Amino acid sequence: MQADDICFLSISKAAKLLSDKEVSPVELVSAHLERIGETDGRLNSFITLLEDESMAAARAAEADIVSGGYRGPLHGIPIGLKDLFYTRGVRTTVGSKIMGDFVPDEDATVTQRLNEAGAILMGKLQMHEFALGATSANPHYGPAHNPWDTERITGGSSGGSGSSVASGQCMGALGSDTGGSVRIPAALCGIVGLKPTFGRVGRFGVFPFSWSLDTVGPMCRTVRDVALMLNVIAGHDPRDPSSSRRPPEDFTATLEQGIDGTRIGIPREFFFDVLDSEVADAVSRAAGVLEGLGASVEEVAVPMAAQSVPISQGVILPEGAEVHLDNLRRRAEEFDPVVRTRLETGVLSTATQYLKAQRARTWFNQQMTRVMEGVDVLLTPTAPIGAPKIGDEMAAVGDGREPVLTLLSRLTRPFNLCGVPAVTLPCGFTSAGLPIGLQLAGRPFDEATVLRLAHAYEQATEWHERRPPL
Amino acid sequence: MEVGKVAEPNISRDGIRALADMAGLELTEDRLDVLLPEVRKALESRAQLDRLDLENVEPAVVFEPAGE
């Protein structure tokens, strides 16, 4: 097998080869380091590359597996972490200059769980500074570049997670999602990304952006791989006050059960109002594919969706501002100017503004719960457009132009507000060759249904098999 | 559902300066120029939420004394 082919194996296929001892972790990690060496000059996916550490971990995994100590599907698998997950002894910058020398003395809960599962950390990945943006055009570490067109953004804030997985530098990665930061880069880079239910994955050791919205999610090239990573990271985290006590489940268990009779709702209002026509067409075709596989599809009304932007901004900015208040007072010049402005705007919010937004969020959630009583899943585009050019602040959509940040997060934010699981997966390409993402959102803690639908669509199409032209 | 019209909120440079003072932020005149339109946009968002009927709706903030 060619090194490049090894790098584009799915985790589930690589795991079979590893457990059968047909491929060794050392071969796998060596091939990925070679791939990173060939491509990262163009992509800039990594803030910190752990070349020696990953090879040492690969040798240890190889020894474990040879001696009969195979731990499971992530054992020996090369992964990356967005640079806001604490890694003991490894620099964790959160994409900032301010935390450029920060070395945590303990692991995040998810880091620890991935370590215990035997996953091999290749490095810490690019991100928008402090996760406060959707482009990953980072002024301190350089912009992350989209593997499908390196002049374009990856999306963000988990941009390096998107580019590293799409380009075969890692088999899987973790991102965090507050308003779409897993799903936006996954959609723009042509991979699968899941924002689990709020509370499903523990957040101890994850540098916060917005406490009441932050969610950790896996990003991989297949739905099954996302389920495999979720199996490892999900479950109660006693050090995270928002962590759910629901018992862990096997998210791969129902993937093959088919989707006959599953009810899909399509909210045309808001979700299809400001949209590139190629994206609208691809998503409509995807709905047709799912209908052909046995799901029922109906239009649903979501009149509250238009309130998602003011509610989201009203919650995120004050919470983010409180996280960073001390540095805003003492080191404001060291922030990305746009991030600084957003945070200072949050500082200048009043307590009643914040609580109004949190009350409106309750209202929004009540409305969404009623919509979800009639369907199992909502189907929407993930991002309204393909990846914009690096540096563009405005993007063309339909007959107009919109600010990139608000446009990219327009269709993902609503599902953060109600905390439900939402997955994106590739459903086509624009005429410029840029990936288009399909978003499926379900009921709270029903990741299984969302993933089952996504898997059924993926198996019926070939979008996930395409590789970027690097 | 929307309820009765409310006064549109607004804020001046002095108003922003006062809020910044309370928060311990030192803002130059240049920063005030940058922030004034952003804060006004945030107020417009707030006004949009003021028009919702949120009677008997509590904020989505829960405190659990025993951490259960």
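The values are calculated or read from the model by the stated rules, or taken from the named source; none is laboratory data. Only a predicted model underlies this, so the values are computations on that prediction, with no experimental measurement involved. Positions of Cβ are backbone-derived with ideal geometry, glycine not excepted, and every protein chain shown enters the neighbour counts.
Structure notes:
- Looking across segment B:33-68, the residues that are at the interface with another protein chain (Cβ under 8 Å from one of its Cβ atoms), over 20 Å from A:F198 (Cα atoms) and of a type in the set (G, A, S) come down to B:A42, B:S45.
- Evaluation of A:G37 against the conditions (1) out of contact with any Asp or Glu (no Cβ under 8 Å at 6 or more places or on another chain); (2) within 21 Å of A:L114 (Cα to Cα); (3) among the small types (G, A, S) shows that the sole unmet condition is (2).
- Where a residue in segment A:350-367 is within 7 Å of another protein chain (Cβ to nearest Cβ) and its partner, wherever it lies, is of a type in the set (V, I, T), with Cβ under 6 Å and at least six apart: A:A357/A:I311; A:A357/A:V315; A:Q358/B:V61; A:R359/B:V57; A:A360/A:I311; A:R361/A:I311; A:T362/B:V57; A:W363/B:V57
- Pairs, first part of a loop (DSSP other than H, G, I, E, B) in segment A:41-67, second among the basic types (K, R), C-beta under 9 Å, six or more apart: A:L50/A:K124
- The residues on offer are A:A332, A:A387, A:A396, and the sole one that is without any contact (Cβ under 8 Å) to a residue 24 or more places away in the chain, more than 12 Å from chain B (Cβ to nearest Cβ) and among the hydrophobic types (A, V, I, L, M, F, W, C) is A:A396.
- Search result, residues across segment A:291-303 that are closer than 28 Å to A:T178 by Cβ and either assigned to a loop (DSSP other than H, G, I, E, B) or touching a strand residue (DSSP E or B) at 6+ places or on another chain (Cβ under 9 Å) (or both): A:V300, A:A301, A:V302
- Hits in segment A:407-435 - residues which are under 14 Å from the mean Cα position of the chain (by Cα) and either more than 19 Å from A:A305 (Cβ to Cβ) or surrounded by fewer than 24 Cβ atoms within 10 Å (Cβ to Cβ) (or both): A:R413, A:L425, A:P426
- Residue in segment A:439-450 that is in contact with a Gly (Cβ under 8 Å, 6 or more places away or on another chain), in contact (Cβ under 8 Å) with a residue 12 or more places away in the chain and assigned to a helix (DSSP H, G or I) present: yes
- Filtered residues of segment A:370-381 (kept if farther than 13 Å from A:P421 by Cα and surrounded by fewer than 24 Cβ atoms within 10 Å (Cβ to Cβ)): A:R370, A:V371, A:E373, A:G374, A:V375
- The lone exception for A:S242 - which of (1) modelled with pLDDT of 95 or more; (2) within 14 Å of chain B (Cβ to nearest Cβ) it fails: (1)
- Per this entry, A:R183 is counted among residues that are under 11 Å from the mean Cα position of the chain (by Cα) and basic (K, R).
- Flag if A:L343 is closer than 17 Å to A:S210 by Cβ and facing chain B (nearest Cβ under 9 Å): no
- When segment B:1-29 is limited to residues that are surrounded by fewer than 10 Cβ atoms within 10 Å (Cβ to Cβ) and under 30 Å from A:V302 (Cβ atoms), the one that is modelled with the lowest pLDDT turns out to be B:M1.
- Residue check, A:F415 aromatic (F, W, Y), within 28 Å of A:D149 (Cβ to Cβ) and not in a strand (DSSP E or B): yes
- So A:T362, is it among the hydroxyl-bearing types (S, T, Y), more than 21 Å from B:R46 (Cβ to Cβ) and surrounded by 17 or more Cβ atoms within 10 Å (Cβ to Cβ): no
- Scanning segment A:250-274 for residues that are out of contact with any strand residue (DSSP E or B) (no Cβ under 8 Å at 6 or more places or on another chain) and not β-branched (V, I, T) yields A:D250, A:A253, A:L255, A:E256, A:Q257, A:G258, A:D260, A:E269, A:F270, A:D273.
- In segment A:285-307, the qualifying residues are those that are within 24 Å of the chain's Cα centre (by Cα) and within 11 Å of another protein chain (Cβ to nearest Cβ), and the one that is surrounded by the most Cβ atoms within 10 Å (Cβ to Cβ) is A:Q307.
- Identity of the residue in segment A:57-101, aromatic (F, W, Y) and closer than 24 Å to A:S243 by Cβ, that ends up surrounded by the fewest Cβ atoms within 10 Å (Cβ to Cβ): A:Y86
- Options A:E38, A:E62, A:E106, A:E53: the member that is touching a helix residue (DSSP H, G or I) at 6+ places or on another chain (Cβ under 8 Å) and either over 30 Å from A:T135 (Cβ atoms) or not aromatic (F, W, Y) (or both): A:E62
- Restricted to segment A:166-271, the set of helices (runs of 4 or more DSSP H) holding at least 2 residues that are closer than 29 Å to A:R35 by Cβ comprises A:183-189, A:223-233.
- Number of residues in segment B:10-30 that are more than 9 Å from chain A (Cβ to nearest Cβ), among the hydrophobic types (A, V, I, L, M, F, W, C) and either touching a strand residue (DSSP E or B) at 6+ places or on another chain (Cβ under 7 Å) or not in a helix (DSSP H, G or I) (or both): the value is 0.
- Residue identified as modelled with pLDDT under 95 and within 22 Å of A:T412 (Cα to Cα) among A:E269, A:E299: A:E269
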